[in-house]
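What follows is a short report on a single structure.
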Amino acid sequence: MSDALQNSISEEFKRHRPIRVLVAKVGLDGHDRGAKVIATALRDAGMEVIYTGLRQTPEMVVNTALQEDVDAIGISILSGAHMTVFPKVLQLMKEKEMNDVLLTGGGIIPEDDMKTLNKMGVGKLFAPGTNTCEIADYIVNWVKENRNF
């Protein structure tokens, strides 16, 4: 972990509660190794991580995020259903007025689809192989700029 990231996280701990992130696998995608790696990396970066496990529905993810009062939702998707899953989760978040919660994620998502999802309101999306420090840093910075504890 970079010194800058560690200092940034340390500042968050001094001022507020830990950043809370929900990591989810939506749909029938049964490959969760990457989600578990991300969940562990975020935990190691000082965040509180809630991992939902496999085969969640968008409704289950958003309801859990609301109940757990998370700062960010990270969806791992390898099934190709990203253009259905992310818009549905975003819609449900808007219905529940979760306007200050980051929706991010990663997996096998073509660059053009990433851009389309970003324009819809989804945060940065990460491709396989992204350095976990980059993901943690993105979440920390987003939360600092957009959340009010």
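If we keep just the residues of the range 80-109 that are at positive phi and part of a loop (DSSP other than H, G, I, E, B), which is surrounded by the most Cβ atoms within 10 Å (Cβ to Cβ)? For the range 80-109, the residue satisfying everything is Gly80. Within this structure, Asp112 passes the test of being in a helix (DSSP H, G or I), at pLDDT 95 or above and surrounded by fewer than 21 Cβ atoms within 10 Å (Cβ to Cβ). The condition (being touching a residue at least 40 places away in the same chain (Cβ under 8 Å), in contact with a helix residue (DSSP H, G or I) (Cβ under 9 Å, 6 or more places away or on another chain) and more than 25 Å from His31 (Cα to Cα)) is satisfied by just one residue among Val85, Val140, Val70: Val140. Among the residues of the range 64-82, is there at least one that is modelled with pLDDT under 90 and either small (Gly, Ala, Ser) or under 14 Å from the mean Cα position of the chain (by Cα) (or both)? No, because not a single residue in the range 64-82 is modelled with pLDDT under 90 and either small (Gly, Ala, Ser) or under 14 Å from the mean Cα position of the chain (by Cα) (or both). Among the residues of the range 115-149, the one identified as crowded, with 19+ Cβ neighbours inside 10 Å, out of contact with any Phe, Trp or Tyr (no Cβ under 7 Å at 6 or more places or on another chain) and more than 20 Å from Gly46 (Cβ to Cβ) is Leu125.
The values are calculated or read from the model by the stated rules, or taken from the named source; none is laboratory data. The model shown is predicted, which means the values in this text are computed figures rather than measured ones. Please note: Cβ atoms are built from the backbone with ideal geometry, for glycine as well, and neighbour counts cover all protein chains shown.
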